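Structure record follows, encoded as structure tokens.
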Amino acid sequence: MVDNEHFENQKHEWESALQVTGTDQPAIQVNPKALERLMGSRQKLLPLKEYVDGILAGDITILSKAITLVESSLPTHQKLAQEIIAECVPYSGKALRLGITGVPGAGKSTFIEALGMELCKQGKRLAVLAIDPSSQRSKGSILGDKTRMEELSQQRNAYIRPSASAGTLGGVARKTRETIILCEAAGFDTILVETVGVGQSETAVYSMVDYFLLVLIGGAGDELQGIKRGIMEMADGIVVNKADGDNVQRAERAAAEIRNAVHLFPPSESGLEVKVTTCSALTHYNVPEVWQMVLQHVEKIRETGYLDEKRARQDVQMMLDTIDQTLKNNFYENQLISDMLKLIENDVENKRMSAYEGARRLLELYTSR
């Protein structure tokens, strides 16, 4: 049972996430019944064995409850979540992990749905983990992937789980890695991690997948200007979407331009060439071929031993990210820091203290406790 203090804290977080704060605008009105449903965490927590047995049996309801514990910030939930993950780790690691990113408007969700439907036809068990952008002010997010992937969400062997980033990249990266472990233990053999936009979060996704796919659209000569070179260099494969109708020639031309561009990049860590192709998520043109491109790459890096080496490095990175996130959380949750932070922030804002001096004093206070 969640204790009252934790429950009230969680209630406050939900209420804050559902209204705009720090502005002159009135708060968005929240449906009381919707908030009441959100506050359903007053329910009893299941015993550890029930979570683990349910996950290993492929029970989606139990899996979803376990992932909710992983995503929760409540200490009681986090402790249980870590125990569940520890029990599930020996049953994980067998799935193919595919990261998908791309420029806004490239049709990532449509492409993922088309690819997902193809995999479901092949009898694959597919989990789609979508990192959704969230407001820096209200911490709320749209979480609309189940709406955008309506057909795929109805498939019995597909599971779609959106996660709000809430402005904490390190936190969502750790939670997504942990969610991958739970999904693999539940029997999903293919994990798709979608991230929105082209930016910092792609680096986090790259650190947890076997294959990193970049989705672009026709007119890529201009699009390339808006993509960080680092994102292009991380890609194991690039697909130009929307190659249909009058756009076929434009897509082919864009693919040719991208092939010329990737030849200028340093060799990939795997030693394999970055493949570039076109497809249409709308008509499903070349979607099966894109999947074969992924399979061939993963099979080659498995044969060379690079896949095992890459996953081992990812495990180490997961440990380091967890340390970083835990230290950060402990720092801001410390009562002494909480009491002094606003005072020092005020001094920095009013030029009575430099930002560096403010940071030094807070860190000294934290380490001397």
Discussion item. Tell me the relative contact order for the range 238-369 as a rounded percent, counting alpha carbon contacts under 8 Å between residues six or more apart.
Written reply: 17
Worksheet entry | Per-residue HN-Hα couplings for the range 285-291 [Karplus 6.51, -1.76, 1.60; θ = phi - 60°; Hz; x = Gly/Pro] | 4, 6, 5, x, 5, 4, 5
Worksheet entry | Radius 11 Å from Cβ of Asp210, net charge of other residues (Lys, Arg +1; Asp, Glu -1) | +1
Worksheet item: trypsin sites (Lys or Arg not before Pro) within the range 74-130: which are DSSP loop residues with at most 15 other Cβ atoms inside 10 Å?
Response: Lys94
Response to the item:
Between the modelled labels at Glu269 and Gln122 (7 Å from Cα along Cα→Cβ) the distance in nm is 2.4
Worksheet item: With each label point set 7 Å from Cα along the Cα-Cβ vector, what nm distance links Thr326 and Tyr366?
Response: 1.5
Item to complete: Could you list which residues have their amide H under 5 Å from that of Ile217, counting only those 5 or more apart in sequence or on another chain, with H placed in the peptide plane?
Response: Asn241
Worksheet item: Using a basic spin-label model with each label point 7 Å from the Cα along Cα→Cβ, how many nm lie between Leu282 and Gln249?
Response: 1.8
Worksheet item: By how many nm would the segment from Arg313 to Ser338 lengthen if fully extended, with 0.36 nm per residue of separation less the alpha-carbon distance?
Response: 5.5 nm
Fill in: Listed pairs Lys79/Lys300; Lys44/Lys108; Lys65/Lys342; Lys124/Lys310; Lys121/Lys175; Lys44/Lys121 exceeding 32 Å between Cα atoms
Lys79/Lys300; Lys44/Lys108; Lys65/Lys342; Lys44/Lys121
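A short reminder: the numbers here are calculations on the coordinates, not readings from a lab. Quantities reported herein were computed from a predicted structural model and do not represent experimental measurements. A quick note on method: Cβ atoms are made from the backbone with ideal geometry, for glycine too, and the neighbour counts reach across all protein chains shown.
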